[in-house]
Amino acid sequence: MMTPFTASPGDEGEALPSVKPRSARTWLAFVRNRTGLIGIVIFVGFVVLGLLAPVIAPGNPATITMHIMSPPTAHYWLGTTAEGQSVWSQVIWGTRPTLVIGFIAGALTTALSIIIGVGGAYNGGALDDVATMFSNIFIVIPGIPLMIVLATYLHHAGTVAMILVISATGWPFGARVLRSQTLALRKRDFVQAARLTGESTWGIVQRELFPNMISLIVANFLSTIMYAIGAEVSLQFLGLGNINTVSWGSMLYWAGNYQALAFGAWWWIIPPGICIALVGGALALVNRSIDEIANPQLTSAPKRGRLHRGGTGS
Amino acid sequence: MTEPEGVPILSLTHVSKTFFSGRRSRIDAVRDVTFHLYPHEIVCLVGESGSGKSTTAHLIMAMETSTSGTIRYQGQDVARLRGRSAHRQYRRAVQMIFQDPYASLNPVHTAGYTIGRPMEIHHSIASASQRNKAVLRLLRQVDLTPPAEFYYKLPYQLSGGQRQRVAIARALAVQPALIIADEPVSMLDVSLRAGILQLILQARDEAGVTFLYITHDLASARYIGDRILVMYRGIICEEGMADAVINGPQHPYTKALIEAVPNPEHLEDGGTVDDTVIPSHPSAPASPGCPYYALCPVSVAECQQNLPDWTELSGKHRVRCFHVADARHGVKT
Ligand SMILES: Nc1ncnc2c1ncn2[C@@H]1O[C@H](COP(=O)(O)OP(=O)(O)O)[C@@H](O)[C@H]1O
Ligand SMILES: [Mg+2]
């Protein structure tokens, strides 16, 4: 067919200089952002603790010993429980179910929010009406009370049941936010322009909408992890989870059951409490830094020269 | 100047578009519009804000469906494109440039991606390295040099004029036969407009692209257009060669427009001044007749009742006006 304009002879040898891909630049921005870095370090620290539990605290954390209600000693760094279990060992091992449930439930909830929120809003019409109706119904269902009812009904929610309950009650919040963002974006000229170049519906969602929503999606994911951890801890604390697994929530349940506070056994309550607060705080810090990084206009231009000087700090 | 000749590349026949908002209010955005675009010409659709220009563009781009009438691209009814490949072919052949370059580029995509993506979608260039070369060549052609540097720019790093050049390069990327340019310079600084107009002329001259150039500025229409279509409240009231319409307007509305230009010598300036912009008129209640009826100094009773038919004047010049029709009828007998 026709060639656009005429090719000028000097163009043949033209090549693109290599530039760090966008994802690398985003990570760099993250690391430069103090708040985000602190949050990531704390969170990753807990992930590492959980992974290294067999090394840091070898042995079964549920093992019962004669040393009951011992305050911190050289042997039991964080003291013992009323059944003589090591609190240190329990806190370390307790990281695992808490993070796993938080992560899986967070991922599932976010996936539901995206499918229902973005899918409904982008397609519009009856599909959107149905999606909105479901969001509105589910959003008024109070999450934690429903979980309590379900957990009671299921007789001690296992891990899978707990993840399902958390996801089923958690998705409408994200779905609403993503829906309104999608509605705002789909009317924008650049989405129309993409359609006019022949981009498919899935191509538009994936290439035009998602990149503009990624900070919202990640923020939503982190908030959902926080929500899931909170829900998991609450259920465990109320004894509605599996109280025989060692988790921060079940530690608090047993501490309450044995009236640890009345016995002045602060070492049994404070460590899991601090861990919960630290994980929640770390996620909140990361979330805040995403807000700061989200807008490319607010960060400095990713000029190639700047990147080279990046090592000297800013 | 290119005279219209041969088989039209795009034909609109009796096209109307009515928007219904609420139960009672209806807006006849486009009324009985008929025109033809011939290969390699630049036709300007001029009219004040709200006259239905963008709606006409959206109908052509199949972003909206017409209420009545047919739009044919090379004989093919645009409303009856069936199947994925027919749609793709049409998208490849007909492209659009949007008015606002701040809105029409995705803030997360580099210029290189924006221009290369249409080539990728249509597989018009097979390999990624060939595509990169083509993108660089386009960047050079739209005067974004050095291209290797502009390739990686994000929209926020570009000025309005540069953004519009990226948008033009995107439209050219799939080597379309026809481009609908909806007021492509109206959001730009006056000093940048001539460069964009030049680019459009060049794309026509060197790549043979046909343009429907939408504007509300008479000077740029006169500068760039081979022919002019004057639109008012959904109807096209006059059409003809650009010189003929600007120098010898026949429809009372067109006459009023051209008389209202404060510095007529600026009509020769090619859109680099802002005082040839068509002012907006106060809205009048919708009537079945000529929309200019209420403001027209020479209206007759019939104007309010019926939409006048076309009166052919010399050459390609024609007007939709009872007064002109009557005057010519009078001359003949
Ligand atoms: N989607 C829509 N719904 C309802 N009315 C519309 C819509 N699009 C355009 N209109 C109306 O149609 C008329 C013509 O608009 P438009 O084609 O944008 O004019 P122009 O581009 O010439 O300024 C205006 O009165 C406008 O309000
Ligand atoms: Mg418009």
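Computed from the coordinates by the stated procedures, all read-outs in this text should not be read as laboratory data. Since this is a predicted model, take the numbers as computed values, not measurements. Neighbour counts run over all protein chains shown; Cβ positions are idealised from the backbone, glycine included.
For the reader, a short list of remarks on this structure follows.
- Summary of the geometry: region B:1-71 and region A:71-109, compared by the centres of their Cα atoms, lie 70 Å apart.
- Listed from fewest to most Cβ neighbours within 10 Å, the set B:Arg227, A:Arg176 follows the order A:Arg176, B:Arg227.
- Distance (nanometres) between label positions extended 7 Å along Cα→Cβ at B:Glu265 and A:Asp291: 5.9
- Interchain or long-range residues, amide H under 5 Å from B:Ile235's placed H: B:Arg31
- For region A:101-111, backbone phi angles converted through the Karplus equation (6.51, -1.76, 1.60; θ = phi - 60°) give residue-by-residue couplings of 5, x, 5, 5, 5, x, 5, 5, 4, 5, 4 Hz, Gly and Pro being listed as x.
- Distance between the pseudo-spin-label points of B:His14 and A:Ala126 (7 Å out from Cα toward the beta carbon): 3.4 nm.
- Inter-chain Cβ neighbour average for residues B:132-143, partner chain, 10 Å: 4
- In range of the label at A:Thr201: residues from region B:84-102 whose backbone nitrogen is under 14 Å from the point 7 Å along Cα→Cβ: B:84
- Computed over chain B with a Gaussian network model linking Cα atoms closer than 10 Å, the most mobile of B:Thr65, B:Thr56, B:Thr215 is B:Thr65.
- Phi-derived couplings, Karplus 6.51 cos²θ - 1.76 cosθ + 1.60 at θ = phi - 60°, listed residue by residue for region B:307-322: 7, x, 8, 6, 10, 7, 9, 5, x, 9, 7, 8, 9, 10, 7, 5 Hz, with x used for Gly and Pro.
- Sequentially through region A:42-51, phi angles give Karplus couplings (6.51, -1.76, 1.60; θ = phi - 60°) of 4, 5, 4, x, 5, 4, 5, 4, x, 5 Hz, Gly and Pro residues having no value and appearing as x.
- Anisotropy class assigned to region B:128-228 is oblate, per the alpha carbon gyration tensor with a/c at or over the 1.5 cut-off and a/b no larger than b/c.
- Other-chain or far-sequence residues with amide H under 5 Å of B:Thr311's (modelled H): B:Val319, B:Arg320, B:Cys321
- Inter-centroid distance (Cα atoms) of region A:191-251 relative to region B:148-225, Å: 42
- Amide H contacts for B:Ile97 (H built 1.01 Å from N in the peptide plane; partners 5 or more residues away or on another chain; cut-off under 5 Å): B:Ile180, B:Ala181, B:Asp182.
- Sorted by Cβ neighbour density within 10 Å, fewest at the top, the residues B:Arg137, B:Arg82: B:Arg82, B:Arg137
- Extended-chain gain in nm, criterion 0.36 nm per residue less alpha-carbon gap, A:Leu51 and A:Ala107: 18.2 nm
- Percent of alpha-carbon pairs separated by more than 33 Å within region B:10-328: 27
- Prolate/oblate/rounded call for the protein assembly as shown, Cα gyration tensor, a/c under 1.5 rounded: prolate
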